[in-house]
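I have placed the structure first, in the form of structure tokens, so that the comments after it can refer back to it.
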């Protein structure tokens, strides 16, 4: 089972503001578990790239929504 | 290559962050030639409030068909007394599937500011291998129980002993050893810090 270690933050539910990076990182670990090591490594590189670009949610000083960060990471993971 | 993975969005922000994660994983699959067949599970506070069900026998039967579970990590809702969902879902899954390791990578990513002076990504990169089903980490729930702690501990241990009787300490040590022995890993240490979080 692969999960971020933070909680459910009920007060932010449905607002599209939560930082998805821990969940995405857990997804990278899931890929490692499935034997998809290249994919797992690319997901981590995408996270790093996104942070370097400042494409992050507001808790990290950015202005992006949860869904925007997810889309951006998905696009990055195809190239990084 | 296709992999079957169960997805549990859970409560609160869970569904949103799992959706983001799935999008990224699927994109990795397009690039590297694998496909994830996702199956969503409606397990969490909403269902509990509607039906009174926590983790059902059918949930367990279905979940056991998958190679992995992707979970929002988010079980907990203001409308439900703390501890019910954590024990009835999170800990139930953990013990049923004998998830005896809590594996946590700690890595300073490039671009992230750290309050530690002069530390760079190459300086902070380690993995915590933690007992997940026994020892101090018996799973009391997400809130520290204060003076009732001992009672709760006994209850949980009773369940654990009767239903599972696990003895996994050797396995945790073995995994920690393997990670510590892999290239680039130089040191490991032990800690017996008790935890009260699931």
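Placing a label point 7 Å from the Cα of residue B:178 along the Cα-to-Cβ direction, the residues of the stretch A:17-34 whose backbone N falls under 18 Å of that point are A:29-34. With a Förster radius of 35 Å applied to the C-beta separation of residue B:123 and residue A:63, the computed FRET efficiency comes to 0.75.
Calculate the spin-label point distance for residue B:96 paired with residue A:75, positioning each point 7 Å from the Cα along the beta-carbon direction, and give it in nanometres. That separation, rounded to one decimal, is 4.0 nm.
Averaged over the residues of peptide B:44-56, the number of Cβ atoms from other protein chains lying within 10 Å of each residue's Cβ is 0. Could you calculate the contour length gain from residue B:116 to residue B:56, that is, 0.36 nm times the residue separation minus the distance between their Cα atoms, to one decimal place in nm? Gain on stretching residue B:116 to residue B:56: 17.0 nm. From the Cα gyration tensor of chain A, with a ≥ b ≥ c the square roots of its eigenvalues, which class applies: rounded if a/c is under 1.5, or else prolate if a/b is larger than b/c, or else oblate? Judged from the Cα gyration tensor, chain A comes out oblate (a/c at least 1.5, b/c at or above a/b).
Every read-out reported here was derived from the displayed coordinates using simple, explicitly stated rules and does not represent laboratory data. Values in this document were obtained by computation on a predicted structure and should not be read as measured data. Ideal geometry is used to build each Cβ from the backbone, glycine not excepted, and the neighbour counts take in all protein chains shown.
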